[in-house]
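Chemist: I have a structure I would like to understand better, so I am pasting it below and will then ask my questions one at a time.
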Amino acid sequence: MTRLVILESPYAGDVEANVAYARACLLDSLARRGEAPIASHLLYTQVLDDTDPDERAQGIAAGLAWRTVPGVLPVFYTDRGWSRGMLAARDLYDREGLAYETRTIGWGS
């Protein structure tokens, strides 16, 4: 069975570079590893305004809801560092005892 993955990578800040990086991470997960990732920060920001605090909170909550799917694995791609959102997600996963992985793809090397 294909592993279900919650893809975590930076979004805010240099959005253009972070989106390009997230797409590379998505490709790594899909093509190289054969996983089925959800990258909520790429999907939800197409319809929600990440600069609006209420819409940002709604998108974050929707993305984090995926953690309740049995067998899902959160994966943090960290070539571009840890954003506040990534750190908050990691803290939540730690509090809930949800295992996760940290990965790099050599971005910017």
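Chemist: Over the alpha-carbon set of the chain, divide Rg by the Kirkwood Rh and report the Rg/Rh ratio to two decimals.
Modeler: Looking at the chain, the ratio lands at 0.93.
Chemist: Counting only protein heavy atoms and using a 1.4 Å probe, what share of the accessible area of the chain belongs to carbon plus sulfur, as a whole percent?
Modeler: Percent of accessible area from carbon and sulfur atoms in the chain: 54.
Chemist: Lys and Arg at +1, Asp and Glu at -1: add these up for the other residues within a Cβ distance under 12 Å of Ser40 and post the number.
Modeler: 0
Chemist: At what distance in angstrom do the alpha carbon centres of the stretch 3-63 and the stretch 88-109 lie from each other?
Modeler: The stretch 3-63 and the stretch 88-109 have Cα centres separated by 13 Å.
Chemist: Among 60-67, 3-10, what's the highest-first ranking by average C-beta atoms within 10 angstrom per residue?
Modeler: 3-10, 60-67
Chemist: Next question, about the same structure. How long is the gain from Ala61 to Trp107 if the chain were fully straight, where each residue apart is worth 0.36 nm and the alpha carbon distance is subtracted?
Modeler: So the extension gain works out to 13.8 nm.
Chemist: Let me have the 222 nm mean residue ellipticity of the chain computed from DSSP H runs of 4+ only, each contributing -39500 (n - 2.57), with the sum over all residues rounded to the nearest 500.
Modeler: Using -39500 (n - 2.57) per qualifying helix, the result is -12000 deg cm²/dmol.
Chemist: Which semi-axes, in whole Å and largest first, does the equivalent ellipsoid of the stretch 23-82 have when worked out from the alpha carbon gyration tensor as the square roots of 5 times its eigenvalues?
Modeler: 22, 15, 11
Chemist: Per residue, what accessible area does the chain have, given a 1.4 Å probe and all protein chains present, in Å²?
Modeler: 58
The values are calculated or read from the model by the stated rules, or taken from the named source; none is laboratory data. Remember, it's a predicted structure, so these values are computed and weren't measured experimentally. Ideal geometry is used to build each Cβ from the backbone, glycine not excepted, and the neighbour counts take in all protein chains shown. Surface accessibility is based on the protein's heavy atoms, side chains included, excluding ligands, DNA and RNA. Shrake-Rupley method; radii C 1.70, N 1.55, O 1.52, S 1.80 Å.
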